[in-house]
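Asker: Have a look at this one before I ask anything.
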Amino acid sequence: MSRPLYKQPNESRMFAINFSANLESGETINAINSVTVTGAGLTVGSQSITSDGKKVQFRVSDGTAGESYQITVVATTTQSNILEGDGILVVKQI
């Protein structure tokens, strides 16, 4: 897991999980199986695969100031591998 990401409670922002370290040469992501959040109050909206096929991006909004949320992305690749990527998002009022 990488360093936490931050957003303010009223922001609606795009974030991404990068799978490039887990992809073989020529392999790309071709399906998003799920984007889930551990914890209440954070909303996950639109989701897409980036044009290079190496990242899953998603929009998050809401959230409670002072709370940390684990976001888990599960994706399938062109070689039928199922990959899971996790990140921590901290909601902080600045």
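Bear in mind that the values in this text are calculations on the coordinates, not laboratory data. Keep in mind that this is a model prediction, so the values were computed, not measured. Because the Cβ atoms are built from the backbone with ideal geometry, glycine has one as well, and the counts that use them run over all protein chains shown.
Asker: What residues have an amide H closer than 5 Å to that of N33, excluding those fewer than 5 places away on the same chain, when H is modeled at 1.01 Å from N in the peptide plane?
Answerer: Here V74, A75, T76 satisfy the definition.
Asker: Ok, one more. Quickly work out the R13-to-S68 label distance, labels modelled 7 Å from Cα along the C-beta direction, and quote it in nm with one decimal.
Answerer: 1.7
Asker: So how do F15, F58 line up by other beta-carbon neighbours within 10 Å, fewest first?
Answerer: F15, F58
Asker: Using the Karplus curve 6.51 cos²θ - 1.76 cosθ + 1.60 with θ = phi - 60°, what ³J(HN,Hα) values do you get for each residue of region 43-55, in whole Hz, with x for Gly and Pro?
Answerer: Listing the rounded values in order: 10, 9, x, 4, 9, 7, 9, 5, 4, 7, x, 10, 10 Hz.
Asker: Another one. So what's the convex hull volume per residue for the Cα atoms of the chain, in Å³?
Answerer: Details: hull volume 8.1 nm³, N = 94.
About 87 Å³ per residue, rounded to a whole number.
Asker: Same structure again: Taking the Cα centre of the chain as origin, work out the dipole magnitude from +1 charges on Lys and Arg Cβ and -1 charges on Asp and Glu Cβ, in debye rounded to 20.
Answerer: 280
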